[in-house]
Amino acid sequence: MAWDTTDTLGKGDVVSNESLANLLREERRFAPPADLAANANVTAEAYEQAKADRLGFWAEQARRLTWATEPNETLDWSNPPFAKWFADGKLNVAYNCVDRHVEAGHGDRVAIHFEGEPGDSKAITYTELKDEVSRAANALTEIGIEKGDRVAIYLPMIPEAVVSMLACARIGAAHSVVFGGFSADAIATRIEDASAKLVITADGGYRRGKPSALKPAVDEAVARVDGVDKVLVVRRTGQEVDWTEGRDIWWHEITQKQSAEHTPEAFDAEQPLFILYTSGTTGKPKGILHTSGGYLTQAAYTHHAVFDLKPETDVYWCTADIGWVTGHSYITYGPLANGATQVMYEGTPDTPHQGRFWEIIQKYGVTILYTAPTVIRMFMKWGDDIPAKFDLSSLRVLGSVGEPINPEAWIWYRKHIGADTCPVVDTWWQTETGSMMISPLPGVTEAKPGSAQRALPGISATVVDDEANEVPDGGGGYLVLTKPWPSMLRTIWGDDQRFLDTYWSRFEGKYFAGDGAKKDEDGDIWLLGRVDDVMLVSGHNISTTEVESALVSHPSVAEAAVVGAADETTGQAIVAFVILRGSAAETSDLVGELRAHVSKALGPIAKPKRILPVAELPKTRSGKIMRRLLRDVAENRELGDVTTLTDSTVMDLIQTKLPSAA
Ligand code: 6R9
């Protein structure tokens, strides 16, 4: 689900005193399109305003929401790092995402254009969404779910996923969404840690042209834990399911008999909204806790500012899964709080053909697209001719999230998807930050391919060295957040100490994000990957991101993953795993050429010792490369935990390729 954040993060045992070598130079610049800049939701003034009065700025953003009781207090930081935002305000999150748009006369606006993988589709208006959420909220109440309870959600990418989340929010229950496709084990651990009383699941969902079962994993998980009284089951595929009488309830049966009227209760701004687990390489997953008022304020503001959303005319599409934080903040909460019309797609990008995404954009006239670098690199590999067959002229803003985007992938995205005119916004944030933190603004920023550039208005981020000193422009080190922000995690569920140890103990008074970063000569921020992945070669810290980006800039390379493997002479040696583009043949000449290419781009210190062409790379479900598994391979070790891999057979393939990798 999330990037692997080890428990040893806070101890800085991987990165030495030597700062990250500042290797990559990127000179290309792209100004915002003039018409976008002229009509932009947010202008450069926002930075000034927020700088002059940060809390005043956020208090103003909170007024985007409709409060039952307006907050007077913006931030309570009397017990750092345990923050309270807008603590004396009261609101209902679901009311903000649905009802108020109907009350404002936008009930007929489409909230969700749902596109099922088999080709079924359905448009759901705000009025219909309000009715669905109300029925579901009434059903949850009938089942006995109350304010403060936890509900686990294990669903495919179907509208009921959004409806379930909002129904929980509406009655003050916290949801814990588990990626559809995680194992019974992963579901059981998460149910147990959150003491969930109810699980909402489906018979299955469509994946690569076939129904793929979900309920068996829930059955197995629920049998193993105590405390789950009921299982709500959405019928999506119609496949056979085992049924436990007295426990299992069909979603359609219980929701259809409910009233479409439900009066939303106002809750405290700090009412828990959801728990979302991020996996660690060691120890149990961390339940990241988010609350209501501050979270929704920043999710709504960033969605408005970074995508320049115009709710009357835009058609927005975020391709993330609902089980990733990106699906929480930029499918459910941000867009719906802003009254957006959005596309929701159930399936994979290559079903039934490799142009499916572009077909969807053409069909709905999508204007704003938000996806991940891993997806973009896959499209690059499939070839430019595929998007070229579709009309993508409706697009006006392109977003990226999840990993550093390699400059070549950024350029490809802008050129082949964005007609060489759409701004690309590279948005850095984490499950823990709740919403975007560092990103260009499409109507303001002169964009640099590969850089997230600058903290958003009201956000304070910088790069520090080992001694917590801010590095000068041109320097590298660790990314930190220096001031509290509205959508920050409030704690790790049930483990305040771990919250303190993981994020707040490495640098006094600063939030340690676990990412390496550098500042360029203009002070813009470049993300360099997780600090646990940083390589130490002959005393120099080298970022995986920069070496990968250099490899991807070679025309024969579609994708690259780089790790540091133990080496007798240099401490660590750079080992690169590369996926070649369709036409490139795997020859020793090519490998030599790639090594020379990296050396030329970054300097001889960054030249990989070994380059291994492979067919696939191990990835999490949000598309992040799991470098630690590649490190295991490169060092001839037994593989660590593979349960969060999308496809665990990938590792077998890679291992059979390597007689001995060390
Ligand atoms: C939203 C999300 C968080 C980690 C984060 C970083 C990486 C995300 C990035 C990025 C560089 C970007 N990351 N966006 N790195 N540039 N634009 O991805 O949350 O799954 O918790 O992962 O992802 O390493 O620390 P999550």
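The values are calculated or read from the model by the stated rules, or taken from the named source; none is laboratory data. None of these values were measured; they are calculated from a predicted model. Every residue, glycine among them, receives a Cβ derived from its backbone with ideal geometry; neighbour counts consider all protein chains shown. We work out accessible area using only protein heavy atoms, side chains counted, and drop any ligands, DNA or RNA first. Shrake-Rupley method; radii C 1.70, N 1.55, O 1.52, S 1.80 Å.
Structure above, values below:
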read-out	value
Bridge type composition, segment 38-180 - antiparallel percent by DSSP, nearest 5	70
Area of Leu602 that stays accessible when all protein chains are in place (1.4 Å probe, Å², to 10)	10
At 1.002 mPa s and 20 °C, Stokes D of segment 353-496 from Kirkwood alpha-carbon radius, µm² per second	127
Radius of gyration and Dmax over the Cα atoms of segment 425-555, both given in Å	15.2, 49
Cα-based Rg and Dmax for segment 182-280, where Dmax is the largest Cα-Cα distance (Å)	15.5, 44
Euclidean distance between Cα centres, segment 505-573 to segment 83-155, Å	41
Rg ratio (alpha-carbon, reference 2.2 N^0.38 Å) - segment 405-458	1.16
Over the chain, volume per residue of the alpha carbon convex hull, in Å³	142
Calculated [θ] (222 nm, deg cm²/dmol) that DSSP helices of n ≥ 4 give over the chain, each run adding -39,500 (n - 2.57)	-7500 deg cm²/dmol
Electrostatic dipole magnitude of segment 541-662 [Cβ: Lys, Arg +1; Asp, Glu -1; Cα centre; debye, to 20]	240
Whichever aspartates and glutamates have a C-alpha closer than 17 Å to that of Lys286, once near sequence neighbours (fewer than 8 apart) are set aside	Asp4, Asp7, Asp185, Glu192, Asp193, Glu432, Asp495, Asp496, Asp501, Asp641
Unit charges on C-beta of K, R, D, E only; dipole of the chain, Debye	680
Phi to ³J(HN,Hα) by Karplus 6.51 cos²θ - 1.76 cosθ + 1.60 over segment 421-428, Hz, x for Gly, Pro	10, 5, x, 9, 9, 9, 9, 9
All lysines inside 19 Å of Lys257 as judged from Cα atoms, apart from same-chain residues fewer than 8 positions distant	Lys130, Lys230
Proximal lysines to Lys381, defined as alpha-carbon separation beneath 28 angstrom and excluding residues fewer than eight positions away on the same chain	Lys210, Lys363, Lys389, Lys415, Lys448, Lys600, Lys607, Lys609, Lys619, Lys624, Lys657
Ratio Rg/Rh, restricted to segment 519-628 and using Cα atoms, in which Rh is the Kirkwood radius	0.96
The chain - share of DSSP beta bridges that are antiparallel (%, nearest 5)	60
Where only C-alpha atoms are counted, convex hull volume of segment 115-253 per residue in Å³	98
FRET efficiency, Gln354 to Arg63 (Cβ-Cβ, R0 45 Å, nearest 0.05)	0.50
Largest to smallest principal axis extent of the C-alpha atoms in segment 235-291, angstrom	39, 35, 22
Estimated dipole of segment 24-137 in Debye, rounded to 20 [Cβ of Lys and Arg +1, of Asp and Glu -1, Cα centre]	260
Segment 159-280 - share of DSSP beta bridges that are antiparallel (%, nearest 5)	30
Globularity ratio of segment 475-518, using Cα Rg and 2.2 N^0.38 Å	1.21
Ser393 - accessible surface, heavy atoms, 1.4 Å probe, Å² rounded to 10	90
